[in-house]
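The values are calculated or read from the model by the stated rules, or taken from the named source; none is laboratory data. The structure displayed is predicted, hence computed values, not measured ones. Methodologically, a virtual Cβ is constructed for each residue, glycine included, from the backbone with ideal geometry; neighbour enumeration extends over all protein chains shown.
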């Protein structure tokens with residue numbers, strides 16, 4: 001059975017979504033972020049890096065959401081509904097582009113927005129008016 005270690009407000013949401021779409025049988029363990037908005041140390045007991053998502057599969061511990069997605073599609077997408085046939089070059093290019101776009105181009109913007117939102121909410125009272133002027137903090 002697959003076992004997903006999920007951290008609130010992390011990239012592991014996409015793994016939950018994929019597992020549900022695949023109809024896979026899996027166990028879910030949820031973790032909350034600490035006061036510093038970091039992953040709890042208990043995740044390091046599962047994998048030394050201590051980041052989520054972490055997927056335990058076939059007596060292996062897998063990390064990195066992009067790799068986990070590729071692994072799940074390769075081993076659990078029996079209907080071939082998520083990855084096009086390698087012989088369809090246009091479909092393969094679109095699939096590969098969007099898979100990498102999500103990590104390389106889109107995710108840094110989302111992380112930056114999250115950071116600037118935290119700057120506003122966690123700034124001292126005298127600094128808040130200044131930090132709210134940043135257009136990325138909306």
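Counting only strands (runs of 3 or more DSSP E) that sit wholly inside the range 25-91, not one has at least 1 residues that are in the same structural domain as residue 102 (by TED's automatic domain parsing) and closer than 17 Å to residue 10 by Cβ. Residue-level check: of (1) modelled with pLDDT of 90 or more; (2) in contact with a helix residue (DSSP H, G or I) (Cβ under 6 Å, 6 or more places away or on another chain), residue 60 misses just (2).
Inside the range 66-95, can you point out the residues that are farther than 18 Å from residue 23 by Cα, surrounded by 13 or more Cβ atoms within 10 Å (Cβ to Cβ) and touching a helix residue (DSSP H, G or I) at 6+ places or on another chain (Cβ under 9 Å)? 66, 84 - these are the residues of the range 66-95 that are farther than 18 Å from residue 23 by Cα, surrounded by 13 or more Cβ atoms within 10 Å (Cβ to Cβ) and touching a helix residue (DSSP H, G or I) at 6+ places or on another chain (Cβ under 9 Å).
Yes or no, residue by residue, for (1) more than 19 Å from residue 79 (Cα to Cα); (2) in contact with a helix residue (DSSP H, G or I) (Cβ under 6 Å, 6 or more places away or on another chain); (3) free of Cβ contacts under 8 Å to residues at least 12 places away in the same chain:
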residue	(1), (2), (3)
9	yes, no, no
16	no, no, no
20	no, no, yes
29	yes, no, no
43	yes, no, no
49	yes, no, no
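One residue stands out in the range 44-61 among those that are closer than 24 Å to residue 104 by Cβ and more than 13 Å from the chain's Cα centre (by Cα): the one that is surrounded by the fewest Cβ atoms within 10 Å (Cβ to Cβ), namely 49. Residues of the range 1-24 that are surrounded by 14 or more Cβ atoms within 10 Å (Cβ to Cβ) and part of a loop (DSSP other than H, G, I, E, B): 10, 11, 24.
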